[in-house]
Amino acid sequence: MIKLNNILYFLLSVILMSCGASKADKLEATQMAAAPQWAKQRPLNNMYFIGIAKINKTSYSNYTESAKKMALNDLASEISVVIESNTIVSSSENNNNFETDFSRYIKMEMRKDLEGYTLKGEYETSRMYMVYYQLSKQKWKQIQAKRKSAAADRAFTLLMQSQTEISNLQYSAAIKTLTNSLLEIKNYWNEPVFHSIEGGQMRLDTEIRTQLSGILSEVKLVVDNESIILNTKNDFQSKLSFKAANHKGLPLEGFPITISYRKATLPYQSTIYSEKTPSIISLDKIKFSKTTSYIKLQLEKDKVIHIKSEDRKMLKFINDAFQTNPINIAVNFELPKIYIKVLKATSNSHYLKDAISQSISEKGFVIVSDRKNSDLVMEVIAHENINNQSSKIQISYVSFSASLKQKKNNETIYSISSEKHKGADYKISVATEKSYIKMADEIRNNSFNDLLNAVLY
């Protein structure tokens, strides 16, 4: 019995709902039949841009505002963007993609700045809300002309400001000013932009572009010397003079220049802004290389050209005009010539001298046989400890000490001493020779590793 009641209740509910739905559908149909013609069929009017939106009220919390926004978007979509020839847009590389991106941008801007439109009609049913806007094409043309004229005025003012900056050699400021001038007329890059001047007309968009490309192509990085030799005469230090300059070679201030090279322990990099006079920096502790190494100087493009990421594609010509190829300053080392002098020489001293000569030669130093031709003098002393033994096996110990001195003032710049090296044989002379040979092997393999740093740094 209970189950039968449930079934009857369900069937009754379905019948009532279908009756209700049928009444609602009939009401909606009746209301739509009474709707104005624009709600039934989109009007055609060559004099106006039209925007219409129809939305289900239950789908939006604020359906009137949502519908109005959609209708204005619909209106804006009717306004076409024409790409005229000989403009920034038409002359860009990858033209099709560029035009598409620009048209999309312009339509977005128009949606934000629409004005002059009127509400032509609203209509509401129990389910739907509809709204109709229109904008006179003639009125929109006048609005755009007024906006374009105001943008041209702002761009022209900046163009004139840039002329003063260029005449004062403030190219860095002028580049920024001209870029901003071009951005003032961004919404009109698809068409010519003119400005009245002295009774005539200036093609503003092309004039700004020409001047901007011109001064960017002028900026060059100039150095006084593209190669450096480091030696004892300059204490392995040097100075570098450089500047940012225009086509006449006149210094330009405000350009960031990066200097980078390898120091003895770490990479070094610094950015210096150019001034009205050449910049001078000291170069010291440059990492030694047996081959040519380089100091790199480069203008930092990103710190000169201030363009938002969204505009980089459209203003690609600016990057193309500003060529910032680095300058590589060649650095070559001339290590000092060393004369090796063995004090208290013995019959085995040649082992010591030859080993020292080989070890320091492999590090790049030049060994000379004449003291007159040297820059540095290395004084070497062998320390022998030879005792005749009563046993058959004879033992000999030998070590050495050395000091490297400036030939010009006898100042010691480096010193070294070794551990004792042992030689054993039946004959004391052979034992001594063996100790020298062991010491020579140790010198070739492990000695004088810090000599280069001591001399250079």
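Numbers at a glance
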quantity	calculated
All strands (runs of 3 or more DSSP E) inside the range 171-255 with 1 or more residues being under 30 Å from LYS290 (Cα atoms)	220-223, 227-230, 238-245
Only listed residue being touching a residue at least 40 places away in the same chain (Cβ under 8 Å) and either within 34 Å of the chain's Cα centre (by Cα) or more than 25 Å from TYR63 (Cβ to Cβ) (or both), chosen from VAL82, VAL131	VAL82
Odd one out for GLU310 among (1) under 30 Å from LYS186 (Cβ atoms); (2) more than 49 Å from the chain's Cα centre (by Cα); (3) of a type in the set (Asp, Glu)	(2)
So SER162, is it touching a Gly at 6+ places or on another chain (Cβ under 6 Å), polar (S, T, N, Q), under 30 Å from ILE257 (Cα atoms) and in contact (Cβ under 8 Å) with a residue 40 or more places away in the chain	no
Condition check for VAL368: more than 22 Å from SER289 (Cα to Cα), among the aliphatic types (A, V, I, L, M) and not assigned by TED's automatic domain parsing to the domain that holds THR291	no
Per-region count, the range 227-243, residues more than 31 Å from the chain's Cα centre (by Cα) and either farther than 29 Å from LYS276 by Cα or surrounded by 19 or more Cβ atoms within 10 Å (Cβ to Cβ) (or both)	6
Search result, residues across the range 404-442 that are in a strand (DSSP E or B) and of a type in the set (A, V, I, L, M)	LEU404, ILE413, ILE416, ALA424
Any hit, the range 372-382, residues being polar (S, T, N, Q) and loosely packed, with under 13 Cβ neighbours inside 10 Å	yes
Residue ID - farthest from LYS438 (Cα to Cα), chosen from residues in the range 367-393 that are aliphatic (A, V, I, L, M) and at pLDDT below 95	ILE393
Among residues of the range 308-322, those that are in contact (Cβ under 8 Å) with a residue 24 or more places away in the chain, part of a helix (DSSP H, G or I) and among the basic types (Lys, Arg), counted	1
Subset of the range 341-364 (residues that are closer than 17 Å to LYS434 by Cα, in a loop (DSSP other than H, G, I, E, B) and in contact with a strand residue (DSSP E or B) (Cβ under 9 Å, 6 or more places away or on another chain))	ALA345, THR346, ASN348
Residue under evaluation HIS306, criteria (1) over 30 Å from LEU212 (Cα atoms); (2) exposed (fewer than 14 other Cβ atoms within 10 Å of the Cβ), criterion not met	(1)
Candidates ARG154, ARG203 - the one that is surrounded by fewer than 21 Cβ atoms within 10 Å (Cβ to Cβ) and touching a Pro at 6+ places or on another chain (Cβ under 7 Å)	ARG203
Residue list for the range 309-348, filter: buried (at least 17 other Cβ atoms within 10 Å of the Cβ) and of a type in the set (Val, Ile, Thr)	ILE318, THR324, ILE327, ILE329, VAL331, ILE338, ILE340, VAL342
Residue that is farthest from GLU78 (Cα to Cα), among those in the range 25-66 that are small (Gly, Ala, Ser) and either surrounded by 12 or more Cβ atoms within 10 Å (Cβ to Cβ) or within 51 Å of the chain's Cα centre (by Cα) (or both)	SER61
Single condition MET130 does not satisfy, out of (1) touching a Lys or Arg at 6+ places or on another chain (Cβ under 9 Å); (2) part of a helix (DSSP H, G or I); (3) among the aliphatic types (A, V, I, L, M)	(2)
Set SER401, SER390, SER396: member being loosely packed, with under 15 Cβ neighbours inside 10 Å, of a type in the set (S, T, N, Q) and assigned to a strand (DSSP E or B)	SER401
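Residue by residue, here is whether (1) at pLDDT below 85; (2) touching a strand residue (DSSP E or B) at 6+ places or on another chain (Cβ under 8 Å); (3) closer than 21 Å to THR64 by Cβ holds:
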residue: ILE2; (1), (2), (3): yes, no, no
residue: LEU8; (1), (2), (3): yes, no, no
residue: LEU12; (1), (2), (3): yes, no, no
residue: LEU16; (1), (2), (3): yes, no, no
residue: CYS19; (1), (2), (3): yes, no, no
residue: THR30; (1), (2), (3): no, no, no
residue: LYS40; (1), (2), (3): no, no, yes
residue: TYR48; (1), (2), (3): no, yes, no
residue: GLY51; (1), (2), (3): no, yes, yes
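The values are calculated or read from the model by the stated rules, or taken from the named source; none is laboratory data. Being a predicted model, the structure only gives us computed values, none of them experimental. When we count neighbours, we look across all protein chains shown, and the Cβ atoms used for this are built from the backbone with ideal geometry, even at glycine.
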